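Reading through the structure tokens given below for one structure.
The values are calculated or read from the model by the stated rules, or taken from the named source; none is laboratory data. For clarity, every value in this text was computed on a predicted model and none was experimentally measured. Neighbour counts run over all protein chains shown; Cβ positions are idealised from the backbone, glycine included. Ligands, DNA and RNA are excluded from the accessible area calculation, which covers all protein heavy atoms including side chains. Shrake-Rupley method; radii C 1.70, N 1.55, O 1.52, S 1.80 Å.
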Amino acid sequence: GYRRGTLRTVAGRPGMGKSIHLVNESMHIAAMGYYVAIFSLEMPANEIITRQMSISTQIETWKLDKNTMSNEELLVLQKFVETSVSTKIDIDDSGNIDYLYLLTQVKKIKLKNQIRDKDCTGLDIVFIDYLQLMKLDNENRNIGLGEITRQLKSLSKELDICIVLYSQLNRSVEGRGG
């Protein structure tokens, strides 16, 4: 499970469902009353929200995108919007971010939620999709990714939150023996 002060990694090849996993997990956790932040370096926020609506309402995404829903589907969508957990989810789709930007935004989100809800921790879990798209301070890619990972681990402990870091595996791993 997700525990405060931990860094979890979800890795997979392109097209293996990492983004859908993120959407499902974030909605489930927010529905349980926890505060969630999503940093999507790949998928725009409106696409994440459309996927959330589709999953929750069972309305196909193309119908939501093209606004071609039946009256019954519109009622289902309206009920979703009225009871949505979206107030517990912050989405940042800025892209091309570095660790310092992430640090600043996570602290801002935590403080904003604590001000809004005095009885809460402010932020419980952060999802980052995905590691390889973050800007690196180091010229050596492997060293830079290691540095960011260590910084994120420290941040999870410092703020007492869980961070879930998505990582894209290179297709070349398919050819490895083992």
* Unit charges on C-beta of K, R, D, E only; dipole of region 1-156, Debye -> 540
* Obtain the radius of gyration and the Kirkwood radius of region 14-66 from its C-alpha atoms and give Rg over Rh. => 0.96
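Among 153, 135, what's the order by accessible area (1.4 angstrom probe), most exposed first?
Details: 153 70, 135 95 Å².
In descending accessible area the options line up as 135, 153.
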* Asked: Tally Lys and Arg at +1 and Asp and Glu at -1 over the other residues with C-beta under 13 Å from the C-beta of residue 2: what net charge comes out?
  -> 0
* Asked: Counting only the heavy atoms of the protein chains, how much of residue 149 is accessible to a 1.4 Å probe, in Å² to the nearest 10?
  -> 50
* Asked: What part of the accessible area of region 7-109, given as a whole %, is carbon or sulfur when the probe is 1.4 angstrom?
  -> 52
* To do: Could you pull out the pairs from 88/110; 88/118; 107/153; 88/112; 112/153 whose alpha carbons sit more than 18 Å apart here?
  => 112/153
* To do: Compute the acute angle (0 to 90°) between the alpha-carbon long axis of helix 45-57 and the principal axis of greatest extent of the alpha-carbon atoms of the chain; round to the nearest 10°.
  => 50
* Structure fact -> In region 1-115, taking the dipole from +1 charges on Lys and Arg beta carbons and -1 charges on Asp and Glu beta carbons about the Cα centre, the listed residue (30, 45, 68) farthest towards the positive end is 30
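How large is the accessible surface per residue of region 1-140, computed with a 1.4 Å probe and reported in Å² as a whole number? Walk me through the intermediate numbers first.
Numbers: 7870 Å² over 140 residues.
Heavy-atom SASA per residue in region 1-140 reads 56 Å².
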* Give a residue-ordered list of calculated ³J(HN,Hα) values for region 149-162 (Karplus: 6.51 cos²θ - 1.76 cosθ + 1.60, θ = phi - 60°; whole Hz; x for Gly, Pro). => 4, 5, 5, 5, 4, 4, 4, 4, 6, 4, 9, 6, 10, 9
* To do: Show the residues, 5+ positions off or on another chain, whose built amide H is closer than 5 Å to the amide H of residue 90.
  => 36, 37, 38
* To one decimal place, what orientation-averaged projected area in nm² is obtained for the convex hull of the Cα set of region 1-158? -> 10.2
* Column: log10 I(q)/I(0), Debye, Cα scatterers of region 58-134, q = 0.12, 0.16, 0.20, 0.23 Å⁻¹ -> -0.55, -0.81, -0.93, -1.01
* Structure fact -> Taking every alpha carbon pair in region 110-158 and sorting the distances into 10 angstrom bins from 0 up to the bin holding the longest one, the percent per bin comes out as 22, 38, 25, 13, 1
* Asked: To the nearest 10 square angstrom, what accessible area does residue 26 show with a 1.4 Å probe?
  -> 0
* Positive dipole terminus of the chain, leading residue within 96, 54, 155 (C-beta point charges) -> 155
* Structure fact -> From highest to lowest solvent-accessible area (probe 1.4 Å; ligands, DNA and RNA excluded), 55, 89 read 55, 89
